[in-house]
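Just below is one structure, and these are the notes that go with it.
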Amino acid sequence: MKSVKPYGDGRIGVVWHTTRSGKSITMAIYTGILRQLPELKNPTIVVQVDRFDLNRQLFDDFVAAKDLVGDVHIANTTDELRSLLSGDSGGVVFSTVQKFNLKDNANGRELEHPVLSTLDNIIVIADECHRTQYGLIDGYANNLRRALPQASFIGFTGTPVDRKDADTVAVFGDIIHAYDIRQATEDKAVVPIYYEPRLAKLHLGNAQFEEEAEEITGGLEENEKNRILWAATEDAAGSAGRVEAIAKDILQHYTSRTKYGANLDGKTMIVCMSRRNCVKLYDALTALEGCPEVAVIMTTNIAKDPVAWNPHVRSKEEIEGIKARFKDPDDPLKLVIVRDMWLTGFDNPAMHTLYVDKVMSGHNLIQAVNCVATVFRDKPSGLIVDYIEIGDRLRDATKKYTSAGGEGQVALDIEEAFELAKETISQLREMLPGGEVKIVPLRGLQGCSNIQQSDNAETTKQPQQPSTPLKSAARNSEALASGCPQGDSLVFASVHAAIPYFSALPKGDRLKLVQHAVNHLVADDEVCKTFMLNEKILSSLAPIIKSHANINELSADIIYLQHVGAALRKVKNPNKNIKVSHQGKRAYSPLHRK
């Protein structure tokens, strides 16, 4: 209360909680606390958002918590806002900051915003306060403070901004509480996010484009210069050949994550530079065989937009219907393509991958990538797939984040993913059974250096001195430390010793090696659940680390552990079909070797 007017200067402070960590719940609880304070005498809570079409989620959360927060109103027009705030105190009023605009009247346009209330028990909660509360000299923020001169302000943000006149703390006061990415990840309030560059070259006409553009636009204002550069980048990003290549790559990548290997159920979002590029990518994707259901979500104007865009024109009610379908993990709508909509204020826990083909930076980029950070069932992580080189901007945004006092990284790179994969493999290996493994009958194996590599009749000779631990019993009296034939059987000292040769074994013998681990794991439900969860984490990392220089160190383990995980899921969920590739063989990951 010490900061609330008339006791203080009205700057209550800033709550800095990383995106997707539950700010809306915190706001609702805070509102409930304010209503219980006798000093505030039934306060009015004004929840100010940037764009309501991008922040509907917050309003829905407050409505769901009506017993805690009281009556919830929404100002759809400037007149409605003025009416709601001019009456008696009490309740919650949602409004965009743009509703605090100047109106035309009989004498012309208002010179300044009228005072709506002088009550000092009005608390303004500014959602994502880094965006809209800096026009204190001339702008909507100035109008808001003129309208409510005795109001007190508290800001909520996940991405503080302190550039020149955009200092969150200077506007709202000191940071009351910080909950950063590191804390949220450790608490499992969010899942870790990984970054995978899959750059698709932009053909900008000539290699010196940016240098020449700098000369051409040298005398222009920064905003106009950026507009010209943006237009050129958008045009290059939307070239037919590039769009077709990205569409094919997205479908292949999506399929490898959702059907094979990682087996991630859930949803995916694609972000494009412009509405035009959204439509182009939709057309290219839907022309491909095996493409799941896709929808384009964007603002439209049927009177001005090309006729070809008509299939993507939707009313607000229709967009809400699409949103409900996209948030339903069991609905066949799996992918959406957007430009701006649903990048902020949209919570879809089932979403696990964000494909980025749009230049973004700063807090807009942080908010976008955090779309995939929400915890959902056994989702192990979120993934950002970069087609337009946002890596440097992501690092800059992270640097900005950490320089403001936050800990943790917005997105983790391939090296960290590789280290996590190694740790996960170690944990999974510890759960495998001990003791020797005997595989019978042994078909077509003439000594330990001759092992069948495929399911067909052909066999592939291994080098006489293989680099793996499998050795000939005739040459090594300690052969059981690895594996050797005994009569008509192949014996390994342990499952661990067999893993390096798993892919080289005939199909029937591979199944026996998998079944040996499954029989051990299913005996303990908790161990079985832990194994399946960790295997899913490992499989989600496989597409990210497949290009790592040392991937061969882990590939054999990944392949075997994925087979065991798939077999366990089939045992535990017998009614759920195991998906197969078009060749009819189980395809487990980009690392799978036939």
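The values are calculated or read from the model by the stated rules, or taken from the named source; none is laboratory data. Keep in mind the model is a prediction, meaning the values are calculated, not measured. Positions of Cβ are backbone-derived with ideal geometry, glycine not excepted, and every protein chain shown enters the neighbour counts. Note: accessible area is taken over every heavy atom of the protein model, side chains too, but ligands, DNA and RNA are not part of it. Shrake-Rupley method; radii C 1.70, N 1.55, O 1.52, S 1.80 Å.
What does the charge count around Ala147 come to, taking other residues whose C-beta lies under 11 Å from its C-beta (Lys +1, Arg +1, Asp -1, Glu -1)? Spell out each step's value before the answer.
Values: positive: Arg82, Lys99, Arg145, Arg146; negative: Glu112.
Taking every Cβ under 11 Å from that of Ala147, the sum is +3.
Sort Ser239, Ser540 by heavy-atom solvent-accessible area, probe 1.4 angstrom, most to least. Provide the component values of the computation, followed by the final result.
Details: Ser239 40, Ser540 0 Å².
Result of the area sort, largest leading: Ser239, Ser540.
Taking θ = phi - 60°, what integer Hz values does the Karplus form 6.51 cos²θ - 1.76 cosθ + 1.60 yield along the stretch 422-436, in sequence order, with x for Gly and Pro?
Result, ordered by residue: 4, 5, 5, 4, 4, 5, 5, 4, 5, 8, 6, x, x, x, 6 Hz.
Protein chains only, probe 1.4 Å: how do Glu423, Glu320 rank by accessible area, largest first?
Details: Glu423 105, Glu320 85 Å².
Greatest to least solvent exposure: Glu423, Glu320.
Let me make sure I get this right: for the stretch 236-373, a, b and c are the square roots of the gyration tensor eigenvalues over alpha carbons, sorted descending. Under 1.5 in a/c it's rounded, otherwise prolate if a/b > b/c, else oblate. Which is it? Could the numbers behind the result be given before it?
On the way: a/c = 1.29, a/b = 1.15, b/c = 1.12.
Rounded.
Determine how large the accessible area of Lys41 is when every protein chain is in place; take a 1.4 Å probe and give Å² rounded to the nearest 10.
Approximately 150 Å² for this residue.
Mind checking the full-extension length gain between Lys570 and Glu436? Use 0.36 nm per residue of separation minus the Cα-Cα distance, one decimal, nm.
Details: separation 134, 0.36 × 134 = 48.24 nm, distance 2.53 nm.
Net length gain for the segment: 45.7 nm.
Can you list the residues, at least 5 places off or on another chain, whose amide H is less than 5 Å from the amide H of Ile175, using H built in the peptide plane?
Val14
Round to a whole angstrom and tell me the spacing of the C-alpha centers of the stretch 516-567 and the stretch 7-81.
Comparing the Cα centres of the stretch 516-567 and the stretch 7-81, I get a distance of 44 Å.
Which value, in Å² rounded to 10, gives the accessible area of Lys99 with a 1.4 Å probe and all protein chains present?
40 Å²
What full-extension length gain, to one decimal in nm, is calculated for Thr286 and Lys103 as 0.36 nm per residue of separation minus the Cα-Cα distance?
On the way: separation 183, 0.36 × 183 = 65.88 nm, distance 4.61 nm.
So the chain would gain 61.3 nm between Thr286 and Lys103.
Can you list the residues, at least 5 places off or on another chain, whose amide H is less than 5 Å from the amide H of Cys129, using H built in the peptide plane?
Phe156, Thr157
Any idea how far apart Thr530 and Glu553 come out in nm if each label point goes 7 Å out from Cα toward Cβ?
Reported label-point gap for Thr530 and Glu553 is 2.5 nm.
Can you compute 3J(HN,Hα) from phi for each residue in the stretch 58-67, using the Karplus curve 6.51 cos²θ - 1.76 cosθ + 1.60 with θ = phi - 60°, rounded to whole Hz and x for Gly and Pro?
4, 4, 4, 5, 5, 4, 5, 9, 4, 4
Against the empirical 2.2 N^0.38 Å scaling, what ratio does the C-alpha Rg of the stretch 324-385 come to? Kindly include the intermediate steps, with their values, before the conclusion.
Numbers: Rg = 11.5 Å, N = 62, 2.2 N^0.38 = 10.6 Å.
Computed over Cα atoms of the stretch 324-385, the ratio equals 1.09.
Hey, with R₀ at 25 Å, roughly what FRET efficiency would Arg182 and Glu415 work out to, going by the Cβ-Cβ distance, to 0.05? Please list the in-between numbers first.
Numbers: r = 18 Å, r/R0 = 0.70.
Efficiency, rounded to the nearest 0.05: 0.90.
List the residues whose amide H sits under 5 Å from the amide H of Phe94, counting only those 5 or more places along or on another chain, with H placed 1.01 Å from N in the peptide plane.
Result for Phe94 returns Val47, His73, Ile74, Ala75.
Which whole-Hz couplings ³J(HN,Hα) result when phi for each residue of the stretch 349-366 is put into the Karplus expression 6.51 cos²θ - 1.76 cosθ + 1.60, θ = phi - 60°, listed in order with x for Gly and Pro?
With the stated coefficients, the stretch 349-366 comes to x, 6, 7, 10, 9, 10, 8, 10, 10, 9, 6, 9, 7, x, 5, 4, 5, 4 Hz.
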